[in-house]
1. Looking only at region 45-59, decide whether some residue is within 20 Å of LEU145 (Cβ to Cβ) and either in contact with a helix residue (DSSP H, G or I) (Cβ under 6 Å, 6 or more places away or on another chain) or in contact (Cβ under 8 Å) with a residue 60 or more places away in the chain (or both).
2. Quick check on my filter: what residues within region 143-165 are open to solvent by 50 Å² or more (accessible area, probe 1.4 Å) and either under 14 Å from GLY37 (Cα atoms) or among the small types (Gly, Ala, Ser) (or both)?
3. So which residues in region 120-142 are open to solvent by 70 Å² or more (accessible area, probe 1.4 Å), out of contact with any Pro (no Cβ under 7 Å at 6 or more places or on another chain) and over 20 Å from ASN101 (Cβ atoms), if there are any at all?
4. Of the conditions (1) farther than 24 Å from ARG146 by Cα; (2) within 14 Å of the chain's Cα centre (by Cα), ALA113 satisfies every one except a single condition; which number is it?
5. Quickly run through region 126-154 and pick out the residues that are out of contact with any Asp or Glu (no Cβ under 9 Å at 6 or more places or on another chain) and among the hydrophobic types (A, V, I, L, M, F, W, C).
Amino acid sequence: WQRAAHDPLTGLPNRGHFRDRLQQAVQRAAEMGRQLGVMFVDVDRFKQVNDEFGHDVGDRLLIEIARRMGTALREADFVGRLGGDEFAVLLDPLSHAEDANVVARKIEQAVSAPLAVDGRRSILPRISLGLSLYPDAGTTADELLRSADQAMYAVKRARQEAGPG
């Protein structure tokens, strides 16, 4: 079960396990009239890291981002690796929409610390993060993931349009 439900690189729950947990959370939220949040997280410039430093460093970066994200979450939250450089976070329970923004800022701050590549160089990790809230952005696991993914891409587009900085 461990191998089937978890990502072998990071040890995080994989896409299928995350989706199952999200579906259960949506059912509970519907029954109890609660809100929950889903974050879609993408590592910025990940291909560039792999190209410039090699796949071993890219793997180290993913492992470290997974670890750092875990330190920024609340105890009840759930993070999974969807594949490649994509992660998702389930915020359940969620009392107020602002709580999701607080967690998002904590994740961004935790992830952004430099990661040493060797004695001379380091990487400044950065992520793009999109958020969707149940029931406003969707009432199924797939709708919530799709909405969070779209929100994340909107963040990426806005950064590209704003230019370097």
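The values are calculated or read from the model by the stated rules, or taken from the named source; none is laboratory data. Not measured: the values here are computed from a predicted model. Cβ sites come from the backbone with ideal geometry, for glycine too, and all protein chains shown count toward neighbours. Just the protein is used for accessible areas: all its heavy atoms, side chains included, with ligands, DNA and RNA removed. Shrake-Rupley method; radii C 1.70, N 1.55, O 1.52, S 1.80 Å.
1. As a first pass, look at region 45-59 and keep what is within 20 Å of LEU145 (Cβ to Cβ): 46.
After this cut, where a residue has to be either in contact with a helix residue (DSSP H, G or I) (Cβ under 6 Å, 6 or more places away or on another chain) or in contact (Cβ under 8 Å) with a residue 60 or more places away in the chain (or both) as well, the list is none.
No, region 45-59 contains no residue that is within 20 Å of LEU145 (Cβ to Cβ) and either in contact with a helix residue (DSSP H, G or I) (Cβ under 6 Å, 6 or more places away or on another chain) or in contact (Cβ under 8 Å) with a residue 60 or more places away in the chain (or both).
2. GLU143, ARG146, ALA158, ALA162, GLY165
3. Of everything in region 120-142, those that are open to solvent by 70 Å² or more (accessible area, probe 1.4 Å), out of contact with any Pro (no Cβ under 7 Å at 6 or more places or on another chain) and over 20 Å from ASN101 (Cβ atoms) turn out to be ARG120, ARG121, THR139.
4. So the condition that ALA113 fails would be (2).
5. Selection gives LEU131, LEU133, LEU144, LEU145, ALA148, ALA151, ALA154.
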